[in-house]
1. Looking for whichever is over 15 Å from A175 (Cβ atoms), free of Cβ contacts under 8 Å to residues at least 60 places away in the same chain and of a type in the set (V, I, T) here; the options are T103, T123. Which one fits?
2. Do any helices (runs of 4 or more DSSP H) lying entirely in the stretch 1-71 carry at least 2 residues that are over 22 Å from Q181 (Cβ atoms) and not assigned by TED's automatic domain parsing to the domain that holds S106, and which ones are they?
3. Can you name every residue in the stretch 77-104 that is in a loop (DSSP other than H, G, I, E, B) and either over 13 Å from the mean Cα position of the chain (by Cα) or not assigned by TED's automatic domain parsing to the domain that holds S155 (or both)?
4. Evaluate the following for V195: is it assigned to a helix (DSSP H, G or I), β-branched (V, I, T), in the same structural domain as G141 (by TED's automatic domain parsing) and closer than 22 Å to E88 by Cα?
5. Name the single residue, out of those in the stretch 8-31 being over 16 Å from N105 (Cα atoms) and at pLDDT 95 or above, that is farthest from the chain's Cα centre (by Cα).
6. Taking R90, is it within 27 Å of R57 (Cβ to Cβ) and of a type in the set (K, R)?
7. Filter the stretch 177-190 for residues that are surrounded by 10 or more Cβ atoms within 10 Å (Cβ to Cβ) and free of Cβ contacts under 8 Å to residues at least 60 places away in the same chain and give the result.
8. Could you tell me which residue of the stretch 69-113 is surrounded by the most Cβ atoms within 10 Å (Cβ to Cβ), considering only residues that are in contact with an Asp or Glu (Cβ under 7 Å, 6 or more places away or on another chain) and within 22 Å of R140 (Cα to Cα)?
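The values are calculated or read from the model by the stated rules, or taken from the named source; none is laboratory data. Keep in mind that this is a model prediction, so the values were computed, not measured. Because the Cβ atoms are built from the backbone with ideal geometry, glycine has one as well, and the counts that use them run over all protein chains shown.
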Amino acid sequence: MQAGNLHSGADIAAVAARLVVDEGLDYAAAKRQALRQLGLSGRVQLPDNAQLEAAIREHIAVFCPEEQALALRNLRQLALLWMERLDEFRPHLAGAVWHGTATANSDILLHLFCDDPKSAEWTLLDRGVAYQPGRAPGVRGEPMESLSLRVRCESLRDWVMLHLVLHDLDDLRGALKPDTQGRKPRADVAALRRVLAQDERTDGEQ
């Protein structure tokens, strides 16, 4: 029997989920490494991102629920701070920090919607903020210009990578359409504040 027949997509997702949570790998890298760890070939069908996210939530619930919840709140608070600083560029939080699967190893992903995308870069330069230019998936998955910053999270006592994906203002019209799971894919400042306020109320009731 071939090795590919010994493992299901759930097995691959479980290993990949551990790599995402414990090592901070992105989904694609975690899937590839899971294949290597399980001794599988690249021809094996990989779990989709929804399956992997479900496995990540299960891993968190079993192994680190309290630790993850605290890290998530700290990252959301840091994201809010930077969204307020960059408010003129209509920032929207996306990725694991918004969807609730972020850990202390996770990066923060903000999509900026600018009258002129270059203006966000000029603003960072004017404020003396160091960044690394690059490319990252945009709201429709297409590669877009991005700026990556290494920012301090005092509550985590560590440094966090903050990625700013630059969009034209027109891209905002399609940015809030529900994703394949029916969720709001991104949050503006008001939405993030509501989530943080709800977390505080929940803690107060416990």
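1. T123
2. Answer list for the stretch 1-71: 9-23, 27-38.
3. Passing the criteria: L86, R90, P91.
4. Numbers: assigned to a helix (DSSP H, G or I): yes; β-branched (V, I, T): yes; in the same structural domain as G141 (by TED's automatic domain parsing): yes; closer than 22 Å to E88 by Cα: yes.
The answer is yes for V195.
5. Checking each candidate, the answer is I12.
6. Numbers: within 27 Å of R57 (Cβ to Cβ): no; of a type in the set (K, R): yes.
Taking the combined requirement at face value, the residue does not satisfy it.
7. Listed by number, the residues that qualify are K177, D179, K184.
8. Among them, the one singled out is H92.
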